[in-house]
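Novice: Input: one structure, supplied below.
Rule-based calculations on the coordinates, nothing more; no lab input. Keep in mind that what you see is a predicted model, and the values were worked out from it rather than measured. Note: ideal-geometry Cβ built from the backbone for every residue, glycine included; neighbour counts use all protein chains shown.
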Amino acid sequence: MEFETVIGLEIHAQMKTKSKIFCGCSTEFGAPPNTHTCPVCLGMPGSLPVLNRQVVESAIKLGLSTGCTLNRDNRFARKNYFYPDLPKGYQISQFDLPICEHGQIEIEVEGQVPKTIGITRIHMEEDAGKLVHDEREPVSYVDLNRTGTPLLEIVSEPDLRSPEEAAAYLKKLHAIVRYLDICDGNMQEGSFRCDANISLRPVGRKELGTRTELKNMNSFRNVQLALEYEVRRQRDLLLEGGKVVQQTLLWDADKGRTESMRGKEEAHDYRYFPDPDLIPVVLDEAWIEAVRRLLPELPDKRRLRFVRDFELSDYDAEILTASRELADYFEEAYRAFGNAKKLANFIGTELLREYGPERIGACPVRPGQLARLLLMIEEGTISGKIAKTVFAEMLVSGADPEQIVKDKGLVQMSDEGALVALVREIIAANPEQVQQFREGKTKVIGFFVGQLMQKTKGQANPQLANTLFQQELNT
């Protein structure tokens, strides 16, 4: 029997605000436990929440960027459930009137045609705290710094049909929120995390199978691996005549398997009701249009522009638009250098080896410095090989390429008279390779150039060297 996989994702993106959603406490990560708290986020009697305007504008940005309908009148609700790290005993979220609904994004999986994935809703809510479990004793500690941190929850339609599609959707949404600068996307710190609902059904059947929920996966790789494991587990169980039990699972990356967290036979009754302390959020057209004008060029459009305007390959354009920071870096360097292909090649092979797309802001080599380094190659001041050495030094010191070349005496040798003597010396010392060349094995010229580069410690102009060897060997 063949089965079809059905996956839906619930993604929580922490908003990039300095203060929490309903109070003025800091959202800074890594502070000592329970130091970023106040009567509002701790739910003390008599305290009243005040909505952070930036959270609403972040939601509008994401809704506009994913083709959502923006509900002009939306409101907050209380979601009642007990967790040890939820001090009020309820979470302020949105229920029947979320801020965004009915959106979509397009994903691409290698070897497949692009596919549109529906977004059911995007809503604003506050985060809960964090439990810290003591490995030495059977006790847990609670840290409420995260309580009240602003979140957008993005709920997909069950349109994903493979773990690869799920990973592609997650990466695309991750890129969008980072391009919008509304979330830092740090999965290790929990500011972008994913729950996945997955079920299998016989091919051709419309009814969904019994689903399991995978909680709080913190990397693209773990999401894909966990879903691949769960597909295999559910398929094997169904083929053996068993039944899938609806439950919540955790992914154990060390063991490479899912483990039961708790049973979930029926959906919880959270007893939602409108929050009496918060008035409805009303979006007028002027506000929406003001936010729309702040939207940046999103990754898909930027990738297409890079292909069209810079005549880059789809592969290069996709690499360079992987993050807004990297795309900005490329464009700034291009304005000073002018050769998109050579710039893309150097960034792809040298820069990204040291700094990934999301860490490019930490790179000490600024775009203008990289452009000047590549111009030195174009002008014949240094060779491509020497440029790599200079770049490695720039990554350490942040110094300008001209200063490094001067201090280390790395200027390329382009004096034909000086090089001819070395060329003749190398030819005289290698009669066997000379004979090979004269027998038509012209690729041996690379051997001669290599010998010259060794003698000059990589400073000989390779193009001139090639020309000189051709001239001397053909005389």
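Novice: Which whole-number percentage describes the relative contact order of the stretch 1-133, with Cα contacts under 8 Å and a sequence gap of 6 or more?
Specialist: Relative contact order here is 19 percent.
Novice: Provide Leu64, Leu239 in ascending order of the number of other Cβ atoms located within 10 Å of each residue's Cβ, fewest first. Show your work: numbers first, answer last.
Specialist: Working: Leu64 19, Leu239 10.
The fewest-first ordering by Cβ neighbours comes to Leu239, Leu64.
Novice: Considering only DSSP beta bridges where both residues belong to the chain, give the percentage that are antiparallel (nearest 5).
Specialist: So the antiparallel bridges amount to about 95 percent of the total.
Novice: Scaled to the compact-protein estimate 2.2 N^0.38 Å, what is the alpha-carbon radius of gyration of the stretch 114-269, rounded to two decimal places? Don't skip to the end; give the middle numbers.
Specialist: Working: Rg = 17.0 Å, N = 156, 2.2 N^0.38 = 15.0 Å.
Scaled against compact globular proteins, the figure is 1.13.
Novice: Need one number: convex hull volume per residue for the stretch 299-408, Cα atoms only, in Å³.
Specialist: 86
Novice: Further question on the same structure: Using Cβ counts within 10 Å as a stand-in for footprinting exposure, how do Ser219, Ser58 rank, fewest first?
Specialist: Ser219, Ser58
Novice: With a 10 Å Cβ neighbour count serving as the proxy for reagent exposure, in which order, fewest first, do Tyr90, Tyr169, Tyr270, Tyr83 appear? Can you show the working numbers first?
Specialist: Numbers: Tyr90 19, Tyr169 26, Tyr270 15, Tyr83 12.
Going from sparsest to densest Cβ surroundings: Tyr83, Tyr270, Tyr90, Tyr169.
Novice: No partner Cβ under 4.7 angstrom, meaning no disulfide-compatible partner by this rule: which Cys of the chain qualify?
Specialist: When partners are defined as cysteine Cβ atoms under 4.7 Å apart, the chain leaves Cys23, Cys25, Cys38, Cys41, Cys183, Cys194, Cys363 without one.
Novice: Follow-up. Could you please state, rounded to a whole Å, how far the C-alpha centre of the stretch 187-230 is from the C-alpha centre of the stretch 59-79?
Specialist: Using only Cα atoms to place each centre, the spacing works out to 24 Å.
Novice: While we're here: What Kirkwood Rh does the chain have if only Cα atoms enter the pairwise 1/r average? Answer in Å. All intermediate terms of the calculation are to be shown ahead of the outcome.
Specialist: Numbers: mean 1/r = 0.0377 Å⁻¹.
So the Kirkwood estimate lands at 26.6 Å.
Novice: Let me ask you something else. Run down the aspartates and glutamates and flag those whose C-alpha is under 14 Å from the C-alpha of Lys243, throwing out any fewer than 8 positions away in its chain.
Specialist: Leaving aside aspartates and glutamates fewer than 8 places away in the same chain, those within reach of Lys243 are Glu230, Glu265.
Novice: Another one. Measure nothing but the geometry: give the 0 to 90° angle between the long axis through the Cα atoms of 445-455 and the longest principal axis through the Cα atoms of the chain, rounded to 10°.
Specialist: Helix 445-455 sits at roughly 90 degrees to that axis.
Novice: Using alpha carbon coordinates only, what is the Rg to Rh ratio of the stretch 416-473, with Rh defined as the Kirkwood radius?
Specialist: 0.93
Novice: Cα-Cα over 23 Å: which of Lys79/Lys255; Lys406/Lys455; Lys79/Lys172; Lys16/Lys341; Lys61/Lys342; Lys79/Lys215?
Specialist: Lys79/Lys255; Lys79/Lys172; Lys16/Lys341; Lys61/Lys342
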